[in-house]
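**Student:** Once you've had a glance at the structure underneath, I'll fire off some questions.
Nothing in this text is a laboratory measurement; each read-out follows from the coordinates by a stated rule. Since this is a predicted model, take the numbers as computed values, not measurements. All Cβ positions, even for glycine, are placed from backbone atoms using ideal geometry, and neighbour counts span all protein chains on display.
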């Protein structure tokens, strides 16, 4: 899952720097479909706490625990609701969020 997020961030960076001008161009460069590029880039609309949680997942985390499908469902929700749903559906997210609050 972390790899998908990194790829989405790379797409965003390429668009911002002009290395790619459109999502269609990104799709061609990465041999993906434009809808797939869009799906991945939508992950960047997750609440910052959820993004931090995904970025910090240990490499040993089984993929079935935090799936792209779960995250794409969260993206469709308003930001506050994303958090409340993440607490219910993402193992360890509540502890991660509590740790961030006490550290920050």
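**Student:** Cut-off 10 angstrom, C-alpha nodes, Gaussian network model of the chain. Which of 86, 19, 52 fluctuates the most?
**Tutor:** In this elastic network of the chain, the residue with the biggest mean-square fluctuation among 86, 19, 52 is 19.
**Student:** Give me P(r) over the chain, computed from all C-alpha to C-alpha distances, binned every 10 Å, as integer percentages.
**Tutor:** Over the chain, the share of Cα pairs per 10 Å bin runs 14, 44, 30, 11, 0 percent.
**Student:** Taking the chain as a Gaussian network, Cα atoms linked when under 10 Å apart, which of 17, 67, 33 shows the biggest mean-square fluctuation?
**Tutor:** With Cα springs under 10 Å in the chain, the top fluctuation among 17, 67, 33 is at 17.
**Student:** Starting from the 7 Å offset along Cα-to-Cβ, what nm value, one decimal, do you get for the label separation of residue 101 and residue 42?
**Tutor:** 2.9 nm
**Student:** Please state the relative contact order of region 2-103 as a whole percent: Cα pairs under 8 Å, 6+ residues apart?
**Tutor:** On the way: 74 pairs, mean separation 25.7, N = 102.
About 25 percent, as a whole number.
**Student:** Report the extension gain between residue 14 and residue 52 in nm, rounded to one decimal, defined as 0.36 nm multiplied by the number of residues separating them, less their alpha carbon distance. Walk me through the intermediate numbers first.
**Tutor:** Values: separation 38, 0.36 × 38 = 13.68 nm, distance 2.11 nm.
Length gained between residue 14 and residue 52: 11.6 nm.
**Student:** Follow-up question, since we're still on this one. Could you work out the Kirkwood radius for region 58-104, taking every pair of different alpha carbons, averaging 1/r and inverting it, reported in Å?
**Tutor:** Details: mean 1/r = 0.0867 Å⁻¹.
Over region 58-104, the inverse of the mean reciprocal pair distance is 11.5 Å.
**Student:** May I have the pair-distance distribution P(r) for region 16-60, computed from all Cα-Cα distances with 10 Å bins from 0 and rounded to whole percent?
**Tutor:** All Cα pairs, binned at 10 Å, distribute as 25, 38, 34, 4 percent.
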